[in-house]
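Undergrad: I'd like to ask some things about the structure below.
The values are calculated or read from the model by the stated rules, or taken from the named source; none is laboratory data. These numbers come from a predicted model, not from an experiment. Here the Cβ positions follow ideal geometry from the backbone for every residue, glycine too, while neighbour counts run over all protein chains shown.
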Amino acid sequence: MLYDRDAYAKEFIAKVISCEEAKKDDVTAYKVVLNHTLFFPEQGGQSSDIGTLDKTKVIDVQIENGLVYHYCTAGFLIGEEVHGIIDWEHRFNNMQQHTGEHLFTGIAHNSYGAENVGFHLSDNTVTLDLDIELSEEQVDFIERKANEIIASDVEVKAYYPNQELLGAINYRSKKEIDGPVRLVEIEGVDLCACCAPHVKSTGQIGMLKVISYGKYKGGTRVYILCGLRALEDYNRRMKILASSYQKLNCKEDELPDKIDGLIEDTKQLKYRINDIETGLLNDRIETISPNLTDVTIFVEDVDTKIMRDGVNTLVERHDGLCAIFSGNDDDGYNFVIGSKSRDCSAIATGLRELLGAKGGGSKQMAQGSVNATRTQIENTL
Ligand SMILES: [Zn+2]
């Protein structure tokens, strides 16, 4: 493969070996095989290169039964000569992320004995899975060390060693592979079997930032971003931060305290609203004649706990069915019903059968919600 020899080649001339119609994401595409290619196919967790063959778009590249298929938006004649151009911005970005992954994993391997057990590189995320749990301190150390090695601009080499040398040296991802093994070496930092294109020195990674990490299948999953992707992510976060502290009219550093204050204020307001609602409901209950057996009260938007307390007060004073409905005819009502003498769970069942209400409870108390008008509810009760 051409990408194997020179990760920096952007254009090539090739001959069409075969071309057949195929579906790609429900859209008609053409699967094209070339005599050689610069397009890196999706493999090893890394998404494929994209680009063009002549003026036709290459939207995906896959290996199927050992052949590299270019999924194109138009077809070609067999034997035709085509001019291929890979989307360099996309490719270089992938090279930065992938070499960054080697760097991070290499340091984790050397410092803590971690082995890479998974890698995923798409246009949106870069994750690497390690087989040990890393602490915050260890992740910070690896990130810092990685950026120091980026600043030192260490050479990155890719080569096929002979069998003798291969057997004698130690490298990551050492397993039985058919055919020649390609090694990618970051001098003094990492040596790993890998088939993907890489940047030629660590300086070209630009920077490496850990976005997040967490426990994963007994080890650690780490999200990283390199190069311009890291800068774009930084800018995105800065915008979120700036809009937050501007809205809250404070300085960036004051944001956590400001948010704590708002959470506390909201809590206090909820307590006050509860107190006021409880007071209003109790005042209303006071006005109801104690001679009534059944009592139903309709209120607007009262907390369920306050409704329950209200029903408890009503049940002490009235022997029949005591009910509070909170809501309005358009949005429906939440309800709490209680009684000393009547079976509330049976009444809730009745509301379910007649009005399609939801909920239930015990003989003494039931609660739920119903999408019906006040008149319908009153008639049904
Ligand atoms: Zn690799």
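Undergrad: Considering the range 97-120 alone, what residues qualify as being within 14 Å of the ligand (Cβ to nearest atom) and among the polar types (S, T, N, Q)?
TA: Those that are within 14 Å of the ligand (Cβ to nearest atom) and among the polar types (S, T, N, Q): Gln97, Thr99, Thr105, Asn116.
Undergrad: Also, I was wondering about something else. Going through the range 104-154 one residue at a time, which ones are in contact with a helix residue (DSSP H, G or I) (Cβ under 8 Å, 6 or more places away or on another chain), of a type in the set (Val, Ile, Thr) and assigned to a loop (DSSP other than H, G, I, E, B)?
TA: Once the filter is applied, which keeps residues that are in contact with a helix residue (DSSP H, G or I) (Cβ under 8 Å, 6 or more places away or on another chain), of a type in the set (Val, Ile, Thr) and assigned to a loop (DSSP other than H, G, I, E, B), the range 104-154 yields Ile132, Val154.
Undergrad: Check the range 130-142 and report whether any residue there is within 13 Å of the ligand (Cβ to nearest atom) and either in contact with an Asp or Glu (Cβ under 7 Å, 6 or more places away or on another chain) or not hydroxyl-bearing (Ser, Thr, Tyr) (or both).
TA: no
Undergrad: Next question. Do we find a residue being among the hydrophobic types (A, V, I, L, M, F, W, C), surrounded by fewer than 12 Cβ atoms within 10 Å (Cβ to Cβ) and away from the ligand (no atom under 14 Å from the Cβ) anywhere in the range 155-168?
TA: The answer is yes; a qualifying residue exists.
Undergrad: Please determine, by comparing only the residues of the range 179-219 that are basic (Lys, Arg) and over 18 Å from Gly118 (Cβ atoms), which one is nearest to the ligand (Cβ to nearest atom).
TA: Top of the filtered list is Arg182.
Undergrad: Further, regarding this structure: Sort out for me the strands (runs of 3 or more DSSP E) sitting completely within the range 263-381 that have 2 or more residues that are surrounded by 17 or more Cβ atoms within 10 Å (Cβ to Cβ). Show your work before the answer.
TA: Numbers: elements: 295-299, 321-328, 332-339, 358-361, 365-370.
In the range 263-381, the matching strands (runs of 3 or more DSSP E) lie at 295-299, 321-328, 332-339, 365-370.
Undergrad: Return the pair list, or none, for Cβ contacts closer than 6 Å from residues in the range 100-120 that are not assigned by TED's automatic domain parsing to the domain that holds Tyr213 to residues that are near the ligand (Cβ under 10 Å from one of its atoms) and at pLDDT below 95, at least 6 apart or on different chains.
TA: none
Undergrad: In the set Lys15, Lys57, which member is under 30 Å from the mean Cα position of the chain (by Cα), at pLDDT 95 or above and of a type outside the set (Ser, Thr, Tyr)?
TA: Details: Lys15 fails: under 30 Å from the mean Cα position of the chain (by Cα).
None of the others qualify; the one that does is Lys57.
Undergrad: While we're on this one: From (1) in a helix (DSSP H, G or I); (2) touching a residue at least 40 places away in the same chain (Cβ under 8 Å), pick out the condition that doesn't hold for Leu166.
TA: (2)
Undergrad: Let me ask something additional. Anything in the range 62-96 that is acidic (Asp, Glu), touching a residue at least 12 places away in the same chain (Cβ under 8 Å) and either within 16 Å of the ligand (Cβ to nearest atom) or not in a strand (DSSP E or B) (or both)? List them, or say none.
TA: Listed by number, the residues that qualify are Glu80, Asp87.
Undergrad: Against the condition aliphatic (A, V, I, L, M), more than 24 Å from Tyr159 (Cβ to Cβ) and exposed (fewer than 15 other Cβ atoms within 10 Å of the Cβ), how does Ile63 come out, does it pass?
TA: The answer is no for Ile63.
Undergrad: For the range 242-261, state whether one or more residues are in a helix (DSSP H, G or I), within 30 Å of Asp301 (Cβ to Cβ) and of a type in the set (Val, Ile, Thr).
TA: The answer is yes, given that some residue of the range 242-261 is in a helix (DSSP H, G or I), within 30 Å of Asp301 (Cβ to Cβ) and of a type in the set (Val, Ile, Thr).
Undergrad: Only one of these conditions is not met by Glu64: (1) of a type outside the set (S, T, N, Q); (2) outside the structural domain of Gly45 (by TED's automatic domain parsing); (3) modelled with pLDDT under 95. Which number is it?
TA: (2)
Undergrad: Six or more apart or on different chains, Cβ atoms under 6 Å: show the pairs whose first residue is in the range 221-250 and on the phi < 0 side of the Ramachandran plot and whose second is among the charged types (D, E, K, R).
TA: Arg221/Asp129; Leu225/Lys209; Leu225/Asp233; Ala230/Lys209; Tyr245/Glu252; Leu248/Lys258; Cys250/Lys258
Undergrad: Would you check which residues across the range 11-61 are in a strand (DSSP E or B) and within 16 Å of the ligand (Cβ to nearest atom) and list them?
TA: Of the residues in the range 11-61, the ones in a strand (DSSP E or B) are 11-24, 27-34, 42-43, 46, 51-53, 56-61.
Result: Glu42, Gln43, Gln46.
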